[in-house]
Amino acid sequence: MRVIDAQDTGTVDERVRAAAEELSAVAADIDRGRVGPDGNYQLMREFGLLRILIPWEAGGEGLSFLAYTKALETLATGDGATALGFNMHNVAIGSLCETAKSPLPEAAERFRTWVFKEVVENGRMFASATSETGTGAKLRQLQATYRASGDAYVLNGTKSFVSLAGIADYYVVAAREEGCSEAEEVSHFVVSRLDDGVAFSDPWDSAALRGTQTAQMSLKDVRIPRARLFLGVEGLSLFKLMREPHWMVSGYMGAYLGIAESILCLVVRLLMGNERRRSSPVLQAQVGRLAVELKAARALVYSAARLVDEEKGSLEANTAVHAAKYCIGELAPRLALDAVRICGSGSLRASEPLERLLREAAFCSVMPAKPDECLEYVGKATLGFNMFDARNFNW
């Protein structure tokens, strides 16, 4: 195995670009099931990318939300599936990294120090396990439960669509307290894939994004120490999501930007190889429209990410990330269909990536928050609803 000292191999941007090139070389093989995705995530470790959100003071790179969004976009130009899988590591720890400059109670401080050390010193990968069959990622509708038991918690339930299944070392699992009829107060716990009672199904036979290694996760009387309660506080999760929804709602919007960019670049490459079509005013106008739409979406995504960095938790920032997720979530699949129309059936040859990109882009509108949920949030905010009132926040 190649070992890379991240401190001696250039900036984060340089390492991300180098990783994207290597991801591109195996994307088709992973998509067709010829090889597994494990090697891509080992690559993330070797390039030192697991710690890009960890603050400098704790040995990480300290990327802002905007810088991270751009890094994810670059990775996705190599392989969108791996970028989305890698994002789940950062979704799991992103909000914790953002507390770096904030003093915390003793238990929370110990938890934060432990997570940072596991990532930086031990190269551990985290993932998020929130979604459940029939309810998606909506915290209020969770069926997974926990109960206190001495100096530990015991978790039971089933999680669906868990990315990095069997690959990540730890999973941040959302659960409600056992016996509560409504999950108004939800807690998160760090579960190791080696904990007794943890099991994964075979990977989901998805039409695309096989590189995310997505599967069902079952928890049967999983006993974890109290030290692995997220931030050492019960009932914090729904409140945190309502105040700062950017990781759950749009943490991966950079990946869909990368997929959309790959589609446009492919259109350009295919037309450049056919002078007659390249010289067509009709096709030139259509390509121009795609380029403008992508530039507009990128500007909106970058603006929303910048607002998170400058005004995290504000109504303006929260509304912007919902708007950006809606925009790129709708654009990517439309761009893929337009690419087929512009380039013709020849572009769908197995030797070209468009067929894969077409399938991957279709998932943009089904990952949380979905288009109608994004528009509902933006509409409520525009109409003056209090979006910090849990009754108006549909999660």
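Assorted remarks:
- 1.4 Å probe accessible area per residue over the chain, in Å²: 43 Å²
- Surrounding net charge for E61, when Lys and Arg each add one and Asp and Glu each subtract one, Cβ distance under 10 Å: +2
- Theoretical gain in end-to-end length, A350 to N394 [0.36 nm per residue, Cα-Cα removed]: 11.7 nm
- Signed unit charges on C-beta, dipole axis of the chain, positive-most listed residue A285, A148, T99: A285
- Under-5 Å amide H pairs with G313, H placed in peptide plane, nonlocal only: N318
- Calculated FRET value between A25 and A207, using beta carbons and R₀ = 25 Å, to 0.05: 0.65
- When peptides 198-209, 74-85 are ranked by their average number of other Cβ atoms within 10 Å per residue, the highest-first order is 74-85, 198-209.
- Pairs of Cα atoms nearer than 8 Å and 6+ residues apart set the relative contact order; for the chain it is 16 percent.
- Between the stretch 305-371 and the stretch 55-100, the alpha-carbon center distance in angstrom: 18 Å
- For the chain, with +1 on Lys and Arg beta carbons and -1 on Asp and Glu, the positive-most of L383, A165, S201 along the dipole: L383
- Unit charges on C-beta of K, R, D, E only; dipole of the chain, Debye: 880 debye
- In the chain, the DSSP-assigned H stretches of four residues or longer account for a calculated mean residue ellipticity at 222 nm of -16000 deg cm²/dmol, using -39500 (n - 2.57) per stretch and the full residue count as denominator.
- Extension gain from S149 to R276, taking 0.36 nm per residue of separation minus the Cα-Cα distance: 38.5 nm
- Integer Hz, Karplus 6.51/-1.76/1.60 couplings in order for the stretch 385-395, x for Gly and Pro: 5, 7, 7, 9, 9, 4, 5, 9, 9, 7, 10
- Listed residues V190, V172, V268, most fluctuating in the chain (Gaussian network, C-alpha, under 10 Å): V268
- Expressed as a whole percent, the accessible area of the stretch 103-190 that falls on carbon and sulfur atoms is 46 (1.4 Å probe).
- Counting only alpha carbon atoms, the long axis of helix 80-97 and the longest principal axis of the chain meet at about 40°.
- Placing a label point 7 Å from the Cα of L194 along the Cα-to-Cβ direction, the residues of the stretch 143-167 whose backbone N falls under 18 Å of that point are 165-167.
- For the pair K117 and T11, the difference between a 0.36 nm per residue extended length and the Cα-Cα distance amounts to 36.0 nm.
- Note, ³J(HN,Hα) from phi for the stretch 303-308, Karplus 6.51, -1.76, 1.60, rounded to Hz, x at Gly and Pro: 5, 5, 5, 5, 5, 4
- Shown here for the stretch 59-127: GluC sites (Glu not before Pro) in loop regions (DSSP other than H, G, I, E, B) with at most 13 other Cβ atoms within 10 Å, namely E121.
- Computed on protein heavy atoms with a 1.4 Å probe, the accessible areas place L270, L43 in the order L270, L43, largest first.
- The computed Cα extents along the principal axes in Å for the structure shown corresponds, within [x] 61, 46, 41; [y] 71, 49, 48; [z] 74, 56, 39, to [z].
- The stretch 359-370 - phi-based ³J(HN,Hα) in whole Hz, Karplus 6.51/-1.76/1.60, Gly and Pro as x: 5, 5, 4, 4, 7, 4, 8, 10, 8, x, 7, 6
- Candidate residues F161, F230: accessible-area rank, largest first, probe 1.4 Å: F161, F230
The values are calculated or read from the model by the stated rules, or taken from the named source; none is laboratory data. Everything numeric here is computed off the predicted structure, so don't read it as measured data. Every residue, glycine as well, gets a Cβ built from its backbone with ideal geometry; the counts of neighbours run over all protein chains shown. Areas reflect the complete protein model, heavy atoms only, side chains present, ligands, DNA and RNA absent. Shrake-Rupley method; radii C 1.70, N 1.55, O 1.52, S 1.80 Å.
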